[in-house]
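The values are calculated or read from the model by the stated rules, or taken from the named source; none is laboratory data. Bear in mind the structure is a predicted one, so any value in this text is a computation, not a measurement. No Cβ is skipped: glycine too gets one built from the backbone with ideal geometry, and neighbour counts run over all protein chains shown. Calculation scope for accessible area: heavy atoms of the full protein, side chains included, ligands and nucleic acids excluded. Shrake-Rupley method; radii C 1.70, N 1.55, O 1.52, S 1.80 Å.
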Amino acid sequence: MLQRIQTLYLLAAFALIILLLSFPLIYLPGAEKIFCHEVLPLLVLAAIALFAQLSTIFLYKARMIQIRISVYNTIILIGLQGWILYFFFFDRIPGATFSFTAVFPLIAAILTVLAIRYIGRDEAMIRSLNRLRK
């Protein structure tokens, strides 16, 4: 399980989502902070993405299901990043600055896409080996 590169990509994306939930997302003037888990839509999308990443890691024997869940998770992560951008551009609080954790969903989505590529390569290799056996 951990010897494959796609598992490492999925674990890195999982860690980024955990860090997104644990570090502040927005710094307000007056040393106040807003965390991702304080905003309900962000919390729901991050929780769904976290559960999907964790389930994808342990479905290493069912590669096609792993690819499907990873594609859905990429869409969820892009939606989460879009919601953060919505907060940045449209619900802008004067004097608020976003932290480096605001780009973690985008990085996690990129890592998940890379994992999908390597899972697909493994599936193609297994199918070609099955053709040779027949």
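Key figures for this structure:
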item: Among 12, 31, 108, residue whose mean-square fluctuation peaks in a GNM of the chain (springs only between Cα atoms under 10 Å); result: 31
item: Rg/Rh (Cα only; Kirkwood hydrodynamic radius) as it applies to the chain; result: 1.11
item: Mean residue ellipticity (222 nm) of the chain, computed from DSSP H runs ≥ 4 via -39,500 (n - 2.57), nearest 500; result: -24500 deg cm²/dmol
item: Top of 111, 59, 40 by mean-square fluctuation, Gaussian network on the chain, Cα under 10 Å; result: 40
item: For residue 60, net neighbour charge (Lys/Arg +1, Asp/Glu -1) across residues whose Cβ lies under 13 Å away; result: +1
item: Alpha-carbon centroids, the stretch 2-31 and the stretch 97-127: separation in whole Å; result: 13 Å
item: Within the accessible area of the chain (1.4 Å probe), percent carbon and sulfur; result: 72 percent
item: Stretch gain in nm, segment residue 107-residue 35, where the contour uses 0.36 nm per residue and the Cα spacing is subtracted; result: 24.1 nm
